[in-house]
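Undergrad: Got a structure here, written out as structure tokens. Questions coming.
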Amino acid sequence: MKNFILSILLIFGFSSTISSQVKGDAVSIGTNYTINSKILDQDREIQIYIPDSYTTSKEEYPVLYILDGQRFFTNGVAIQKSLKAPLEIPEMIVVGINSSRSLRRTLYGDEHTKFTSFIKNEVIQFIDSNYRTSKERLIFGWEAAAYYISEMILEEEDLFSGAIITDGGLASEEIVQSFQSDKIIYLYIANSKRDIYYIASTEEFNKRLKKYNPKNLKWKYELFNDEVHQTMPHLAMYKGIQYYYHNYPSLIFENIPAYVNAGGIPYLKSFAKERAKRFGGDGTIDNATKDRLIWLAENHDNFKYFSFFMEEFKDVLSTKRYASAYWQNRFGQFYLKYKDYKNAIKFFEAGIKKYPNTNFDPAMKKGLKAAQNNK
């Protein structure tokens with residue numbers, strides 16, 4: 001018994017020591033605000049996340065609005081982090097609009113007009129007045145919110161540039177047929193056949209969109225039949241953001257045939273121009289795409305396309321990425337392997353001269369000698 005009590009005292013003593021040595025700080029991913037809504041005649045809570053770069057930049061940011069923020073706000077922030085913004089998607093301000101369980105169906109249903117006015121004239125106005133926004137807006141909704149967004153996005157053409165809905169959604173034929181917009185609006189719909197309560201409506205929505213094919217509405221409907229009603233939202237938000245920003249990231253191909261089948265250089269140029277129209281830039285093929293194609297040809301041991309890309313994209317070889325003995329040796333060895341001794345000598349000599357006394361020095365000197373002897 002004495003030993004037991006002694007053990008307990010030692011454990012508590014050890015725990016106290018750890019507690020006194022470790023300092024914890026709260027983790028924060030955003031700020032909570034309360035809007036006193038005159039439109040809804042009630043206080044409404046919203047959550048706001050700003051990107052890491054916001055305080056050190058002068059950039060304007062797109063905004064992702066998330067209905068039922070009390071449930072899905074953290075999902076939007078997590079996707080920002082996991083997609084490594086701004087590489088795969090741009091950095092975004094994320095806004096969660098909280099709703100109580102008792103008000104969800106009322107505000108998304110019978111009082112949807114009032115709720116839209118609240119979003120437009122109070123929430124968006126607050127965000128645009130207090131943050132640097134690009135006026136590019138996306139909105140996400142699940143279940144009851146999906147039905148609300150389905151019609152709102154088609155009726156309020158200038159309010160959002162894209163919408164993501166899951167586990168629900170349906171707009172009347174009149175609304176679908178009468179949709180008109182001077183700009184392209186993106187709509188992403190996701191569901192699962194295992195969501196037996198809401199799959200019928202999304203299937204019908206899909207049919208109506210196919211039937212009328214509204215001009216300037218770009219839409220996509222996907223099924224993820226391994227998921228259920230409760231597991232769909234995060235996946236749908238992730239896939240929906242990817243769909244909206246489908247031409248934002250640099251191109252990458254799984255193999256050379258995929259590059260050829262896509263259309264080759266003409267396709268790259270067309271993609272770059274379309275990308276620049278949406279997101280800015282000079283409309284030329286970006287360096288990341290050039291890098292990836294050079295590496296793809298080398299990794300797949302395709303010397304024909306490697307030679308082509310090295311010549312076609314020779315400008316990228318002068319960038320900082322390739323300023324090392326590693327790359328000079330790597331390219332030199334690949335040229336040597338395929339008996340292109342002229343180019344092998346060029347890269348080996350450049351590597352030895354610019355980056356002497358590195359770990360690659362012996363390999364470059366050996367490669368240079370072999371190329372010179374066989375030239």
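The values are calculated or read from the model by the stated rules, or taken from the named source; none is laboratory data. Owing to the predicted nature of the structure, the values given are computational and were not obtained by experimental measurement. FYI the Cβ positions are ideal-geometry reconstructions off the backbone, even for glycines, and counts take in every protein chain you see.
Undergrad: Working only within the stretch 178-202, note down all residues that are without any contact (Cβ under 8 Å) to a residue 12 or more places away in the chain and within 19 Å of Ala145 (Cβ to Cβ).
TA: Within the stretch 178-202, Ile199, Ala200 meet the criteria.
Undergrad: Tell me which residues, restricted to the stretch 125-136, are out of contact with any Ser or Thr (no Cβ under 9 Å at 6 or more places or on another chain) and not in a strand (DSSP E or B). Quick ask: steps written out before the conclusion?
TA: The first filter runs over the stretch 125-136 and keeps only residues out of contact with any Ser or Thr (no Cβ under 9 Å at 6 or more places or on another chain), leaving 125-126, 128-131, 133-134.
Within the stretch 125-136, Gln125, Phe126, Asp128, Ser129, Asn130, Tyr131 meet the criteria.
Undergrad: May I pose another question? Kindly provide the set of residues from the stretch 76-129 that are exposed (fewer than 14 other Cβ atoms within 10 Å of the Cβ), over 18 Å from Leu64 (Cβ atoms) and either modelled with pLDDT under 90 or under 25 Å from the mean Cα position of the chain (by Cα) (or both), ordered by number.
TA: Ser100, Arg101, Ser102, Gly109, Asp110
Undergrad: When you check Ala323 against the structure, is it among the small types (Gly, Ala, Ser) and surrounded by fewer than 14 Cβ atoms within 10 Å (Cβ to Cβ), yes or no? Working first, answer last.
TA: Details: among the small types (Gly, Ala, Ser): yes; surrounded by fewer than 14 Cβ atoms within 10 Å (Cβ to Cβ): yes.
It is true that Ala323 is among the small types (Gly, Ala, Ser) and surrounded by fewer than 14 Cβ atoms within 10 Å (Cβ to Cβ).
Undergrad: Same structure again: Among the residues of the stretch 342-359, are any among the basic types (Lys, Arg) and touching a Phe, Trp or Tyr at 6+ places or on another chain (Cβ under 9 Å)? It would help to see each step written out before you state the result.
TA: Start the filter on the stretch 342-359 by keeping residues that are among the basic types (Lys, Arg), which leaves 342, 346, 353-354.
After this cut, where a residue has to be touching a Phe, Trp or Tyr at 6+ places or on another chain (Cβ under 9 Å) as well, the list is 342, 346.
Yes, the stretch 342-359 contains a residue that is among the basic types (Lys, Arg) and touching a Phe, Trp or Tyr at 6+ places or on another chain (Cβ under 9 Å).
Undergrad: Considering each of Ile175, Ile149, Ile139 in turn, give the residue that is assigned to a strand (DSSP E or B) and either in contact (Cβ under 8 Å) with a residue 24 or more places away in the chain or of a type in the set (Gly, Ala, Ser) (or both). Walk me through it before giving the result.
TA: Values: Ile175 fails: assigned to a strand (DSSP E or B); Ile149 fails: assigned to a strand (DSSP E or B).
Going through Ile175, Ile149, Ile139 in turn, just one is assigned to a strand (DSSP E or B) and either in contact (Cβ under 8 Å) with a residue 24 or more places away in the chain or of a type in the set (Gly, Ala, Ser) (or both): Ile139.
Undergrad: Contact list please: Cβ distance under 7 Å, first residue in the stretch 319-336 and more than 12 Å from Thr358 (Cβ to Cβ), second residue of a type in the set (D, E, K, R) and assigned to a helix (DSSP H, G or I), pairs at least six apart or on different chains.
TA: Here the result reads Arg321/Asp291; Phe334/Glu298, each pair linking the stretch 319-336 to a residue that is of a type in the set (D, E, K, R) and assigned to a helix (DSSP H, G or I).
Undergrad: Just to verify a result, which residue in the stretch 204-226, among those that are more than 17 Å from Ile184 (Cα to Cα) and polar (S, T, N, Q), is surrounded by the most Cβ atoms within 10 Å (Cβ to Cβ)?
TA: Asn206
Undergrad: Another one. One residue is enough: does the stretch 352-363 have a residue meeting the conditions among the hydrophobic types (A, V, I, L, M, F, W, C), under 30 Å from Pro86 (Cβ atoms) and either touching a Leu at 6+ places or on another chain (Cβ under 8 Å) or in the same structural domain as Val260 (by TED's automatic domain parsing) (or both)?
TA: Step one: filter the stretch 352-363 for residues among the hydrophobic types (A, V, I, L, M, F, W, C), giving 352, 360, 363.
Pick out the ones that are also under 30 Å from Pro86 (Cβ atoms) and you get none.
No: the stretch 352-363 contains no residue that is among the hydrophobic types (A, V, I, L, M, F, W, C), under 30 Å from Pro86 (Cβ atoms) and either touching a Leu at 6+ places or on another chain (Cβ under 8 Å) or in the same structural domain as Val260 (by TED's automatic domain parsing) (or both).
Undergrad: Also, quick follow-up: From the set of residues in the stretch 268-310 that are over 14 Å from Tyr248 (Cα atoms) and among the hydroxyl-bearing types (Ser, Thr, Tyr), which is nearest to the chain's Cα centre (by Cα)?
TA: Out of the qualifying residues, it is Tyr305.
Undergrad: Now for a separate question. So Gly168 clears everything in (1) part of a helix (DSSP H, G or I); (2) touching a helix residue (DSSP H, G or I) at 6+ places or on another chain (Cβ under 6 Å); (3) buried (at least 21 other Cβ atoms within 10 Å of the Cβ) except one condition, right? Which one?
TA: Going through the list (1) part of a helix (DSSP H, G or I); (2) touching a helix residue (DSSP H, G or I) at 6+ places or on another chain (Cβ under 6 Å); (3) buried (at least 21 other Cβ atoms within 10 Å of the Cβ), Gly168 breaks only (1).
Conditions (1) in contact with a Leu (Cβ under 7 Å, 6 or more places away or on another chain); (2) free of Cβ contacts under 8 Å to residues at least 40 places away in the same chain; (3) of a type in the set (S, T, N, Q), marked per residue:
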| site | (1), (2), (3) |
| --- | --- |
| Glu254 | no, yes, no |
| Gly264 | no, yes, no |
| Lys277 | no, yes, no |
| Lys290 | no, yes, no |
| Ile294 | no, yes, no |
| Phe306 | no, yes, no |
| Phe309 | yes, yes, no |
| Glu312 | no, no, no |
| Val316 | no, yes, no |
